[in-house]
Structure formats: structure tokens, C-alpha cells
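**Q** Handing you a structure now.
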Amino acid sequence: MLGQKQFLYGVLMWMERVSAMSAKMYLSERWLRKRLQVDKKTPEEIAAECGVAHTTIYRQILKFKIKMKR
């Protein structure tokens, strides 16, 4: 059975992997559209989730020509 320290270490490692996986997801047009239009997230929220500046997300929005509601 895992000790508490081993368990917490495992959880932290898992969180780092999940964070790393979502870090570059904004490069996917499909993922970005879903986060904006279906999940109703703002570019600032997506940027915080991915660990990038909000300007990075806005650049991708322009690149993919994603229309945003005002």
C-alpha cells in the first residue's frame, strides 16, 4: 500500500503531466473553438489554463479566424 508521501508525490506528478498536455492544446483549432464556443471560456481563462499570456490565445483566435461574441 502507498504511503501518504508517495501518494501525494504521485498526484503532483499526474497534475504536472495533465498541465503539460493542456499547455499546447491552444494550437489546435478544434480544441480552441470548443473551449470558446461550447465551454464558453474567455481567452483570459484559456490562457490561465494553458499557462500562456492572453495575447497568445488572441493570436491563435485570429490565426484560425474564430468569431467571438462581444
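**Q** List every residue pair whose Cβ atoms sit under 8 Å apart, with the two residues 6 or more apart in sequence or on different chains, where the first one lies in region 1-19 and is part of a helix (DSSP H, G or I) and the second, anywhere, is open to solvent by 100 Å² or more (accessible area, probe 1.4 Å) and modelled with pLDDT under 70.
**A** Hits for this filter: G10/L2.
**Q** Which count do you get for residues in region 34-53 that are exposed (fewer than 15 other Cβ atoms within 10 Å of the Cβ) and not aliphatic (A, V, I, L, M)?
**A** 7
**Q** Could I ask something else about it? Give the residue that is farthest from L27 (Cα to Cα), with candidates limited to residues of region 49-70 that are modelled with pLDDT under 90 and outside any loop (DSSP other than H, G, I, E, B).
**A** Only one residue fits best here, namely E49.
**Q** Give all pairs with beta carbons closer than 6 Å in which a residue from region 55-70 that is within 12 Å of E44 (Cα to Cα) and surrounded by 14 or more Cβ atoms within 10 Å (Cβ to Cβ) meets a residue that is at pLDDT below 95 and not hydrophobic (A, V, I, L, M, F, W, C); count only pairs at least 6 apart in sequence or on separate chains.
**A** Correct list of pairs: I57/Y26.
**Q** When region 32-52 is examined, which residues are found to be of a type outside the set (D, E) and in contact with a helix residue (DSSP H, G or I) (Cβ under 6 Å, 6 or more places away or on another chain)? Full working, then the answer.
**A** So in region 32-52, the residues of a type outside the set (D, E) come out as 32-38, 40-43, 46-48, 50-52.
L32, R35, K41, P43, I46, A47, C50, G51 - these are the residues of region 32-52 that are of a type outside the set (D, E) and in contact with a helix residue (DSSP H, G or I) (Cβ under 6 Å, 6 or more places away or on another chain).
The values are calculated or read from the model by the stated rules, or taken from the named source; none is laboratory data. All of these numbers come straight from a predicted model, not from anything done at the bench. All Cβ positions, even for glycine, are placed from backbone atoms using ideal geometry, and neighbour counts span all protein chains on display. Surface areas here come from the heavy atoms of the whole protein model, side chains and all, with no ligands, DNA or RNA. Shrake-Rupley method; radii C 1.70, N 1.55, O 1.52, S 1.80 Å.
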